[in-house]
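Trainee: Structure incoming, see below.
Values in this text are rule-based calculations from the coordinates and carry no lab data. Not measured: the values here are computed from a predicted model. In this analysis, Cβ positions are derived from the backbone assuming ideal geometry, glycine residues included, and neighbour counts consider all displayed protein chains.
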Amino acid sequence: MKKVYLEYPYINSLNTKVIHQKIINGEYHFELEQTIFFPGTEKIKSDEGWINQKKIIRIYEENNKVYHVLKENLSGSVQLDLDWNKRLQRMQDHSSFLILKHYLKEIYNLEVEDFKINNHCSLSVSNKEGYNLDNMASRLNTLINNYILSSLPIKSYFEESTRKEEGKTYQIRKHFIKFVNLNNYPCQDTLIQNSSEIRGFYIHNAAIHEDKIVFEYICGNQLFDQWARIVNEVRKDSKSNPNLVNKFLNENSKLTEENTLLKSCLIDSILKDSDSNCTEIDLSNLPLIPEDFMLHKPKKNVFAYLKGKDHIYFYTNDPSHITRQFPNKKMIILSNEYDSIYGILRDK
């Protein structure tokens, strides 16, 4: 059997032949000459589709052969039709998983211990002390969406080898996925061929379960469909009760302003209790910078700042810009990680 889906993941229709069948519990299990259907694994959902316009009940792999289960008998030439929308979503899900897996290892030295790619996607890593899950999720979302927007190619390739067993020689053909600037992975699934096809990525929940950190994410078409539903609901609410929407916006603006003021007071209090000559204060566990400020991170050689009551918060990739822009200010570093500096400026 030729697994067409590995080499040509974008083919969604194919004519082939039935080469073997078996009947189990009144169901017909067909082996085909070629197949475009990925059979799935314990962790990854299989493809769905039709043979001769008859819905496939399930697809599975046994002894390196893919079987397609139907309730009706088939013979001779048949036409395969893939449920393309579900195939594309799974490719987006799986590609996102591998990118997320890479960044968890590279940045936090965390290995994925379990995962599930189905209607709801999740993965788990061992729980290590000291991680702020909200900060982790925010940073991972930013990194992965930047990778997606970079429109980088994702290539598949095969490696051939032989294995001898009990006097017989077997040919082994392994499938690999190659990412630009990321790790390469062995893979028996179909993946997209360009990062931009993921469209978008979002970790919507990060929580500790027993001794594991579990990340749940949504991406691709499913993410955009969810956004569209939320927008439509907001539009309906705004038409039926515009005062309610305005009230929400006003309350949100007020809370943001109050939150910023509280953070400013918190920094002032900590600085007063610290050595006045210090150049670095460990505030890694405190949400010092407002969320909207954190999201708009600058490009290289550009810095962003937010004025407080008598000081200025700043974020930069290049500290020399601060001294040029504010020559009469003293720079106090609050956090210095990920090649970026957060801090405040005060009068000299």
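Trainee: So for the pair Trp227, Val69, with labels modelled 7 Å out along Cα→Cβ, what separation do we get in nm?
Mentor: Using points 7 Å along Cα→Cβ, the separation is 3.8 nm.
Trainee: Between Gln171 and Lys54, how high is the FRET efficiency from 1/(1 + (r/R0)^6) when r is the Cβ-Cβ distance and R₀ = 41 Å? Nearest 0.05.
Mentor: On the way: r = 34 Å, r/R0 = 0.83.
E(calc), rounded to 0.05, equals 0.75.
Trainee: Among the GluC sites (Glu not before Pro) within region 79-180, which fall in a DSSP loop and have no more than 13 other Cβ atoms within 10 Å of their own Cβ? Provide the component values of the computation, followed by the final result.
Mentor: Details: sites: Glu106, Glu111, Glu113, Glu129, Glu159, Glu160, Glu165, Glu166; in loops: Glu111, Glu129, Glu166.
Listed in order of number, the matching sites are Glu111, Glu129, Glu166.
Trainee: Something else now. Pairs Lys2/Lys22; Lys86/Lys174; Lys3/Lys86; Lys116/Lys174; Lys2/Lys43; Lys54/Lys155: which exceed 28 Å Cα-Cα?
Mentor: Working: Lys2/Lys22 19 Å; Lys86/Lys174 25 Å; Lys3/Lys86 18 Å; Lys116/Lys174 22 Å; Lys2/Lys43 23 Å; Lys54/Lys155 33 Å.
The pairs that break the limit, which is 28 Å between Cα atoms, are Lys54/Lys155.
Trainee: Just grab the label-to-label distance for Lys178 and Asn109, each label 7 Å out from Cα along the Cβ direction, in nm (one decimal).
Mentor: Computed distance between label sites Lys178 and Asn109 equals 3.1 nm.
Trainee: Another question about this same structure. Sorting check: for 91-97, 25-31, which peptide has the highest mean count of neighbouring beta carbons within 10 Å, and how do the rest follow?
Mentor: On the way: 91-97: 25.1, 25-31: 14.1.
Highest-to-lowest ranking by the protection proxy: 91-97, 25-31.
Trainee: Would you mind checking which residues have amide H under 5 Å from Gly49's amide H? H placed 1.01 Å from N; only 5 or more apart, or other chain.
Mentor: Correct list: Ile56, Asp83.
Trainee: Trypsin sites (Lys or Arg not before Pro), restricted to region 1-89: which are DSSP loop and have at most 16 other Cβ atoms within 10 Å?
Mentor: Working: sites: Lys2, Lys3, Lys17, Lys22, Lys43, Lys45, Lys54, Lys55, Arg58, Lys65, Lys71, Lys86, Arg87; in loops: Lys43, Lys45, Lys71.
Passing sites in region 1-89 are Lys43, Lys71.
Trainee: Once you put a point 7 Å from the Cα of Glu42 and another 7 Å from the Cα of Lys22, both along the Cβ direction, what distance in nm separates them?
Mentor: Result: 2.1 nm between the two label points.
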